[in-house]
1. Evaluate E = 1/(1 + (r/R0)^6) for GLN401 and SER333, where r is the Cβ-Cβ distance and R0 equals 45 Å; express this FRET efficiency to the nearest 0.05.
2. Give the long-range amide H neighbours of PHE439: residues separated by 5 or more places, or on another chain, with amide H under 5 Å away, using H modelled in the peptide plane at 1.01 Å from N.
3. 7 Å from Cα along Cα→Cβ at both ASP437 and MET158: what's the point-to-point distance in nm?
4. In debye, nearest 20: dipole of segment 316-375 around its Cα centre with unit charges on the Cβ of K, R (+) and D, E (-)?
5. What Rg and what Dmax come out for segment 281-391 when only alpha-carbon atoms are used, in angstroms?
6. What lysines does LYS455 reach when the alpha-carbon gap must be under 17 Å and sequence neighbours fewer than 8 apart in one chain are set aside?
7. Need one number: nm distance between label points at SER224 and GLU598, each 7 Å from Cα along Cα→Cβ, rounded to one decimal.
8. Once you charge only the Cβ atoms, +1 for Lys and Arg and -1 for Asp and Glu, what is the size of the charge dipole of segment 387-437 about its Cα centre, to the nearest 20 debye?
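Any read-out appearing in this document is the output of simple, stated calculations on the displayed coordinates, not a laboratory observation. Quick caveat, the model's predicted, so the values are computed rather than measured. When we count neighbours, we look across all protein chains shown, and the Cβ atoms used for this are built from the backbone with ideal geometry, even at glycine.
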Amino acid sequence: MAFQKPQSSSFATTSRTHMRPSGGTIDDSFLTEIKNTQNRKLSQKQKTLSCQFSIGDQLSPWPTYTTDQTILHNRKPCSYDYRKRAGWQKQPLGITKPRYLEQLENYLRKELLLLDLSTDSTQELRLQPYREIFDFFIEDFKTYKPLLSSIKNAYEVMLAYQREKIRALEPLKAKLVTVNEDCNERILAMRAEERYEISLLKREKMNLLKLIDKKNEEKISLQSEVSKLRKNLAEEYLRYLSERDARKILIADLNELRYQREDMSLAQSPGIWGEDPVKLTLALKMARQDLTRTQMELNTMKANFGDVVPRRDFEMQEKTNKDLQEQLDSLRSDYEEVCKEHEILLQLHMTTLKERDQFHSELQEIQRTSTPRPDWSKCEDVVAGGPDRWQKLAEGKNSDQLVDVLLEEIGEGLLREKDFFPGLGYGEAIPPFLRYDGFVENKKPSKKDVINLLKDAWKQRLVEEKEKFPDFFFSFLEHRFGPSEAMAWAYTIFENIKLFRSNEVMSQFYAVLMGKRSESVYIKQKETVAQLLKEMTNADSQNEGVITMENLSTVLKSNFPFKKEEKIQELMEEGGWHPNSSNADLLNYRSLFIEDEEGQSMPFVQKLWEQYVDEKDEYLQELKQELGLELYDEVTLPRLREALMNIDPGLDKQTLNGYLSRAFQLPMTELPEEGEEKEEGIVVRLKIALERLQMTDIRRMGSQEQEPTS
């Protein structure tokens, strides 16, 4: 839209007939009008000065007599400017706005109507017409152009700064939303887990309450049974008492009947009348005395033994009472045990609740302060080989191991980009096979080629063991590649084995080459694996390549007699055994000893190596505890010998001297015999001795129950 820029006018008396084309300057007649108007206003300055400062000691707004129409009605009714405008509105002057101001307002209104307010940049578009209006003011008012330009530039700089700040905060807003959703998901998961634990505890509590109710019911039933037995006992006692009284009455009746029968027989007997009456009277008197004495004895017996029950009944009741008492004691003890268990469970429940609250607070603190776990799936598109190779590399590894794998992948790419290696010089700290000045060529072999070369070196080493391992390594390279290429291959292989620490062959070769591990450790491990394979082959009588789980267990126990049962169980699980399998299940034992193209062993051999490392650490820790010294204390040779014999009585003399020779760095021929050492003779710091023993092949040779052998 073409716009004809309006003329600049600040007073009501300015002529409104002058217009100019867009982009032009103000014409001479327009400037003359402005000057004339200013001169007239100067003459009126003294008259209007008091009026201009009459309201709030400020100049009156332009113009003092115009209407209240403005471009933007954005003032508050309660503001001072609003009240001031309201006061000026009372002046009944009808002069309209300047034409220049009206043209500016019309231009601004038309530009705002033409804007497309449906886009995201609506506010930016709304500012453009205002910028153009402000530019017109800057161009027309030459006197104030520097000030107005600086004001505009200041606002433009601030707007640009705010845009950049908003643009920088937008990713943070998205990240904040993502973190918030992640935290909410974790909180929901923790709440679900807590609800599940609470439900389990409630279920356990209900089971315990049911058990307590059951025990209480049993107690009540036993109490009722005891009361019933007591009642039966009282009834039996009353019955026996009644029977006793009835028996006494019956005996008295029988005696009376017998006396009557005797009297009748005497009265009816014809020979009685012929006896002497005096004699009969005397016999009757004696009989009555006997009767009186017998009656007295009977009364005494009744008085003394009236409450006595028969011994047989007493013994039966006593036995019954004893059985019931034992049952009662047993039930009472069971009840006390249940009460104690209930109290223990309540205490355990309270402890569990406290631990749960503590763990919950710790979890919240960890979630607040911890770093979020990395998303390892992002590495799939970066690592060579794509997702399949990354999944193979990441299988069974934790975050620390995944970092090593990622560093190896990155380092492998950087290593292949190098064409030359800088020589390390001839310093004493430099290994002999790396002493060289200048640059050596990077041969850039593949990982498989390096592993095959290291395996060939080990095979050659088993044949030649005369020189030290670093010297042998360089001699092997000279023999393999020639003297001119040996140094380049030494640097190339060294950089590869230093980088690929996760590879079993490279890491072990690097440890032996740098003197961090004795080569006897590697050789002994290979001999152990070979011996296991040999014995499993012997157990395979049919030569079918399979053995039973029972054969596997027998071979492991015969080769490792001092391993704990759980260690044997771990090896069998790595071999393919599981709790549901039987001893008759068959196992392809040869698959346990296969190596992949990068020299990595199967999980069975890896578990065997892990157990060896753990057992060595336990052995050395037990030795340190037996010595009772700090790491920086000094230990003597006799004391170390005694400690080794105490923790491992099955050590033979040659193996013991080998350990001592390694710890004190002495030849075995120079070691003093047992009993000939001086207490303050050969000493070494405990930390150094343990580090030296850690490097060598050290393992338990017998159980602690065995007697030490001479």
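1. Numbers: r = 56 Å, r/R0 = 1.24.
It comes out at approximately 0.20.
2. Residues meeting the criterion, in which the H sits 1.01 Å from N, are GLY423.
3. 6.8
4. Details: 8 positive and 14 negative charges, 52 e Å.
With Lys and Arg at +1 and Asp and Glu at -1, about 260 debye.
5. 44.6, 145
6. Output for LYS455: LYS447, LYS498, LYS524, LYS526.
7. 7.5
8. Values: 6 positive and 11 negative charges, 17 e Å.
Once rounded to the nearest 20, the dipole reads 80 debye.
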